[in-house]
Amino acid sequence: MTIFRFFSPFFILFFTQTGYVQSFTGTYGINYGRIANNIPSPDEVVTLLRAAKIRNVRIYDADHSVLQAFSGTGLEIVVGLPNGQLQNMSSNADHALSWVKENVQSFLPGTRIRGIAVGNEVLGGDDFSMWGVLLGAVKNIYTATKKLHLDKLVQISTAHSFAVFANSYPPSSCKFSDNVNQYMKPLLEFLQQIGSPFCLNAYPFLAYASDPEHIDINYALFEPTEGIYDPTYRLHYDNMLDAQIDAAYAALENAGFHKMEVIVTETGWASNGDQSEAGANVTNARTYNYNLRKRLAKRKGTPHRPKNVVKAYIFALFNENDKPGHSSEKNYGLFKADGSISYNIGFHGLSAGHSSLLSLKNIYTQGLSWSYSMVFSLSSLIVLIWWS
């Protein structure tokens, strides 16, 4: 349906000022997780994303049905190499080359694949066997893109959780954990060499839920609050996300990487959770995501890095009913499984309380009705001109 083709179909390259590829356009993106048995099809997801005018998308694999559905849409996507494939990609460069050919090159230029996320939250994670193979996998995937002349188009990265840090409060004190540092430093050296950012999964929700007695929920939700003061930086923070991002910058600086950009690859707030998960409710989820959207729209940096505009991918597009773990894991979605909104944060064409009118089917129907009206009007105009 051309009615929803908001973006140009032409193939455009984006570069940073240093000449490296940039995988993020604007400041707002979303993670499209699919650990569920009841979410819309990829074709329907395209319609939903266009209606919401969300252009930047991350997935956690390279599912071909998703990549095919995104072809010709103008949506920009970062594909994922799952943790389970890191060992294979690290030990065999030919396998890495084949993976990039099959899952990236074969879909270009129709599908705008702008990045490959190699693993997710590997360092600091429970599977220590993955720590030592991450860098090899990153290098082999990058080498594969270079051999295929895609290195100026597709950015290579890997995302980290706060488990890689020894301390993050106040932000200026943040450093990488000693056990992580031996793996992190060579990884950062390579990422700096190829012009990739430091990708951070940052969740004020998780910080608050772990210590609700000592953390002001308004500080976590971007609501009015006294905030915190960092005596080393001599800076005031009025929200936790900015502080978390600057903590990552501090760790990078301490490790000798003063120019590397930090991009938030996951952040969100659960709309439901277990009794032990403080703050997991619809009101807080709406408040966080609504205020976050406003904050990103300002296109400004953090107190410590005011010139580095904050960019973030929201977690997540849908509630995912098959995700394991705490109940919160199933309830991060901005949208419900039927395509209606979980709560209203101001997306165009979507309104809380009218879920039955906002199903994907109705979005299609409204679009088709508008298309037919336009065709009829144009046809009538042509007939009038002809007879005149």
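Inside the range 157-197, residues that are of a type outside the set (A, V, I, L, M) and closer than 20 Å to Ser90 by Cα make up a count of 13. Beta carbons closer than 8 Å, at least 6 apart along the sequence or on distinct chains, pair a first residue in the range 253-266 that is touching a residue at least 12 places away in the same chain (Cβ under 8 Å) and under 18 Å from Asn56 (Cα atoms) with a second that is open to solvent by 40 Å² or more (accessible area, probe 1.4 Å) and of a type in the set (S, T, N, Q) for Glu261/Asn308; Val262/Asn308. Do we find that Asn201 is in contact (Cβ under 8 Å) with a residue 24 or more places away in the chain and of a type outside the set (Asp, Glu) in this structure? Spelling it out, Asn201 is indeed in contact (Cβ under 8 Å) with a residue 24 or more places away in the chain and of a type outside the set (Asp, Glu). So, of the residues in the range 309-345 that are in contact with a helix residue (DSSP H, G or I) (Cβ under 9 Å, 6 or more places away or on another chain) and basic (Lys, Arg), which turns out to be surrounded by the most Cβ atoms within 10 Å (Cβ to Cβ)? For the range 309-345, the residue satisfying everything is Lys311. Residues that are farther than 21 Å from Thr265 by Cβ and either among the hydrophobic types (A, V, I, L, M, F, W, C) or surrounded by 17 or more Cβ atoms within 10 Å (Cβ to Cβ) (or both) within the range 141-165 comprise Ala144, Leu148, listed in sequence order. From the list Phe128, Phe162, the one residue that fits, being out of contact with any strand residue (DSSP E or B) (no Cβ under 9 Å at 6 or more places or on another chain) and either of a type in the set (Phe, Trp, Tyr) or within 22 Å of Gly29 (Cα to Cα) (or both), is Phe128.
Check whether at least one residue in the range 108-126 is under 17 Å from Leu317 (Cβ atoms), crowded, with 19+ Cβ neighbours inside 10 Å and among the hydrophobic types (A, V, I, L, M, F, W, C), and report yes or no. For the range 108-126, residues under 17 Å from Leu317 (Cβ atoms), crowded, with 19+ Cβ neighbours inside 10 Å and among the hydrophobic types (A, V, I, L, M, F, W, C): present.
Which of the residues spanning the range 39-95 are on the phi > 0 side of the Ramachandran plot and basic (Lys, Arg)? Result: Lys53, single match. Within the bounds of the range 221-243, is there any residue that is in contact with a strand residue (DSSP E or B) (Cβ under 7 Å, 6 or more places away or on another chain), assigned to a helix (DSSP H, G or I) and surrounded by 23 or more Cβ atoms within 10 Å (Cβ to Cβ)? Yes, the range 221-243 has at least one match. Being within 17 Å of the chain's Cα centre (by Cα) and modelled with pLDDT of 95 or more, is that true of even one residue in the range 81-89? There is at least one residue in the range 81-89 that is within 17 Å of the chain's Cα centre (by Cα) and modelled with pLDDT of 95 or more.
Filter the range 168-210 for residues that are of a type outside the set (Ser, Thr, Tyr), farther than 23 Å from Arg295 by Cβ and not in a helix (DSSP H, G or I) and give the result.
At the first step, the residues of the range 168-210 found to be of a type outside the set (Ser, Thr, Tyr) are 170-171, 174-176, 178-182, 184-195, 197-202, 204-207, 209.
In the following step, the residues that additionally are farther than 23 Å from Arg295 by Cβ were identified as 175-176, 178-182, 184-195.
Matches in the range 168-210: Lys175, Phe176, Ile194, Gly195.
Which members of the range 48-71 meet the condition of being within 17 Å of Gly110 (Cα to Cα) and assigned to a helix (DSSP H, G or I)? Within the range 48-71, Arg50, His64, Ser65, Val66, Leu67, Gln68, Ala69 meet the criteria. Which pairs turn up if I take residues in the range 108-131 that are more than 15 Å from Gln182 (Cβ to Cβ) and modelled with pLDDT of 95 or more and look for partners that are in a strand (DSSP E or B) and of a type in the set (Lys, Arg) with beta carbon separation below 9 Å, at least 6 apart in sequence or on another chain? Listed pairs, sorted by first residue: Gly115/Arg58; Ala117/Arg58. Based on this model, can you work out whether His304 counts as more than 27 Å from Val154 (Cα to Cα), free of Cβ contacts under 8 Å to residues at least 60 places away in the same chain, not in a helix (DSSP H, G or I) and not aromatic (Phe, Trp, Tyr)? Criteria not met by His304. Residues that are among the charged types (D, E, K, R), assigned to a loop (DSSP other than H, G, I, E, B) and at pLDDT 95 or above within the range 320-337 comprise Glu320, Asp322, Lys323, listed in sequence order.
Number of residues in the range 184-205 that are over 16 Å from Val262 (Cα atoms) and either within 24 Å of the chain's Cα centre (by Cα) or aliphatic (A, V, I, L, M) (or both) equals 2.
State whether the residues of the range 294-308 include one that is at pLDDT below 50 and surrounded by fewer than 18 Cβ atoms within 10 Å (Cβ to Cβ). Walk me through how you get there before you give the answer.
First, pick out the residues of the range 294-308 that are at pLDDT below 50: none.
Taking every residue of the range 294-308 in turn, none turns out to be at pLDDT below 50 and surrounded by fewer than 18 Cβ atoms within 10 Å (Cβ to Cβ).
The values are calculated or read from the model by the stated rules, or taken from the named source; none is laboratory data. None of these values were measured; they are calculated from a predicted model. Backbone-built Cβ (ideal geometry, glycine too); neighbour counts: all protein chains shown. In case anyone asks, the SASA skips ligands and DNA or RNA and just uses the protein heavy atoms, side chains included. Shrake-Rupley method; radii C 1.70, N 1.55, O 1.52, S 1.80 Å.
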